[in-house]
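**Q** Encoded as C-alpha cells, here's the structure I'll be asking about.
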Amino acid sequence: MCGRYSIYESMDHYLKELAPKQLVVNGYDLWPIERYNVAPTTRVEIIRPTAGGLSVEKVKWGWAPFWAKGTRPDPINARVETVMTGKFFKQLWPNGRILAPANGWYEWIKDPIDPKKKQPYFITLKEQIPMFFAGLAEVHPGLEPDERDGFVIITAASDQGMVDIHDRKPLVLAPEFAREWIDPETSPERAREIAVEGCRLVTDFNWYKVGKDVGNVRNQGPQLIEPVEVKYEGPEEQ
C-alpha cells in the first residue's frame, strides 16, 4: 500500500455506517473533512474505543516505539502476517486497535516503457460506501497532541487481480467486522481471526487512473479523484 488515501465526507457519514446506535463520547463537527490527499506524518481522524464509547481523534499517521525513534521514518503500515507477533508493534497489540475511515486510497505503478514514470490509481469500493482500515494506535488523551502518539494501517496481501496495481492492500473491514475490531470486549483471539480472514475481497473494489497532481502532498480537492480514463472494474466473482 502506498502512502496516500482520502477521507472527505463528514465524520457523521462514517459513524452512521459503522455504528449508528453507539455512543460517540467526544465532539466532532458535521462539516466535510475534505482530505483528498492524506499523507504520512499528518494528523487525520481515526476512531478508537474508550470506556464510555467511541472516540474520534486526530492522530499522526506513522508510529514507532520509543526505542526505535529516530532510527528511520516512523512506519505508516504494518503487515498483518507479523504485526501480532513481532517485537516492533508489541506495545500496540491487541489493545491499541483503531479504525481509519476512508473513501479510497492511491497506488502508483511504473510505466512499462519508462520506469521513472509512475501512474497513480484511485481504489474505491464498488458500493461507494465508507471504508474502514484496520489499524493500531497509541493515543494519550489531552488538549494538546502528544509526540508519542501515532497510528499505523494494517496491510494484507492483494488478491489475484489487484496485484498488477500493488502486492499489498490496506486491511479493509466490512462494517460488521469493523465494529468487532474496535469493541473492547473482542478477545485478542477473535481480533486475530478478523485480521487474518476479514479483509474485503478484491472483487469488492474498483480502481481507475487519476491525474498525477496527487503526487504533490500540497495538492487537495475533488479533482484528485477524478478519473482520467475509462474506469476499470475489478474482476468478476467466480
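The values are calculated or read from the model by the stated rules, or taken from the named source; none is laboratory data. Treat the numbers as computed from the prediction; the structure is a model and nothing was measured. A quick note on method: Cβ atoms are made from the backbone with ideal geometry, for glycine too, and the neighbour counts reach across all protein chains shown. For accessibility, only protein heavy atoms count, side chains too; no ligands or nucleic acids. Shrake-Rupley method; radii C 1.70, N 1.55, O 1.52, S 1.80 Å.
**Q** Rounded, prolate or oblate: which fits the range 26-124, taking a ≥ b ≥ c as square roots of the Cα gyration tensor eigenvalues, rounded meaning a/c under 1.5, else prolate when a/b beats b/c?
**A** oblate
**Q** Would you mind checking the range 117-155 for residues with the amide N under 11 Å from a putative spin-label position 7 Å along Cα→C-beta of Q91?
**A** Taking a point 7 Å out along Cα→Cβ of Q91, the residues of the range 117-155 whose backbone N falls under 11 Å are 138-139, 147-150.
**Q** Only helical DSSP H runs with n ≥ 4 go in: add -39500 (n - 2.57) per run for the chain, normalise by residue count and round the 222 nm mean residue ellipticity to 500 deg cm²/dmol.
**A** -3000 deg cm²/dmol
**Q** Pick out which of T82, T124, T71 has the largest mean-square fluctuation in a Gaussian network model of the chain, springs linking Cα atoms closer than 10 Å.
**A** Top of the fluctuation ranking is T71.
**Q** So what is the relative contact order for the chain, in percent, with contacts set as C-alpha pairs under 8 Å and at least six apart?
**A** Numbers: 493 pairs, mean separation 49.6, N = 238.
Across the chain, relative contact order equals 21 percent.
**Q** Sticking with this one: In Å², what does the accessible area per residue of the range 105-224 work out to with a 1.4 Å probe?
**A** Here the residues of the range 105-224 average 49 Å² of exposed surface.
**Q** Hey, another quick one. Pull up all non-local amide H partners of I154: gap of 5 or more, or a different chain, and H-to-H distance under 5 Å with H placed in the peptide plane.
**A** The list, which skips near neighbours in sequence, is A78, A134, G135, L136, L171.
**Q** Let me ask something else about it. Put a dot 7 Å past each Cα toward the Cβ at N216 and T203; how far apart are the dots in nm?
**A** In this crude spin-label approximation the distance works out to 4.2 nm.
**Q** Further question: Beyond a 24 Å Cα-Cα separation, which of these cross-linked pairs lie in this structure: K16/K58; K90/K169; K16/K126; K21/K60; K169/K209; K58/K87?
**A** Listed pairs above 24 Å: K21/K60; K58/K87.
**Q** Would you please give the FRET efficiency between L23 and T71, computed as 1/(1 + (r/R0)^6) with r the Cβ-Cβ distance and R0 = 30 Å, to the nearest 0.05? Provide the component values of the computation, followed by the final result.
**A** Details: r = 40 Å, r/R0 = 1.33.
That gives a FRET efficiency of 0.15.
**Q** Let me ask something else about it. Label L143 and T82 with points 7 Å out from Cα along Cα→Cβ: what is the distance between them in nm?
**A** Reported label-point gap for L143 and T82 is 4.2 nm.
**Q** Once you order the gyration tensor axes a ≥ b ≥ c over the Cα atoms, which shape class does the chain get: rounded for a/c under 1.5, otherwise prolate or oblate by comparing a/b with b/c?
**A** Values: a/c = 1.40, a/b = 1.37, b/c = 1.02.
Since a/c stays below 1.5, the shape of the chain is classed as rounded.
**Q** Then there is this: What spacing in nm lies between the two simple spin-label points modelled at E176 and E189, each 7 Å away from Cα in the Cβ direction?
**A** 2.1
**Q** Would you mind calculating the relative contact order of the range 52-178 from Cα pairs under 8 angstrom and at least 6 residues apart, reporting the percent as a whole number?
**A** 28
**Q** In addition: Between E229 and K116, what is 0.36 nm times their sequence separation minus the Cα-Cα distance? Round to one decimal in nm.
**A** 38.6 nm is the gain from fully extending E229 to K116.
**Q** Working from Cα positions, state the angle (0 to 90°, nearest 10) between the long axis of helix 188-197 and the longest principal axis of the chain.
**A** So the inclination is approximately 10 degrees.
**Q** What does the convex hull of the Cα atoms come to per residue for the range 60-169, in Å³?
**A** Each residue corresponds to 149 Å³ of Cα convex hull volume.
**Q** Run through the range 1-61 and list the trypsin sites (Lys or Arg not before Pro) located in a DSSP loop whose Cβ has at most 13 other Cβ atoms within 10 Å. Mind showing how you got there, number by number?
**A** Numbers: sites: R4, K16, K21, R35, R43, K58, K60; in loops: R4, K21.
Here the sparse-neighbourhood loop sites are K21.
**Q** What part of the accessible area of the chain, given as a whole %, is carbon or sulfur when the probe is 1.4 angstrom?
**A** Using a 1.4 Å probe with all protein chains present, the chain comes out at 51 percent carbon and sulfur.
**Q** Can you tell me which of A51, A174, A137 moves the most in a GNM of the chain? Springs connect C-alpha atoms under 10 Å apart.
**A** Evaluated over the chain, the most mobile residue of the options is A51.
**Q** Right, here's the next one. Let's see if you can work this out: charge +1 on each Lys and Arg Cβ, -1 on each Asp and Glu Cβ, no other charges. What is the dipole magnitude of the chain about its Cα centre, in debye to the nearest 20?
**A** For the chain, the charge dipole is close to 820 debye.
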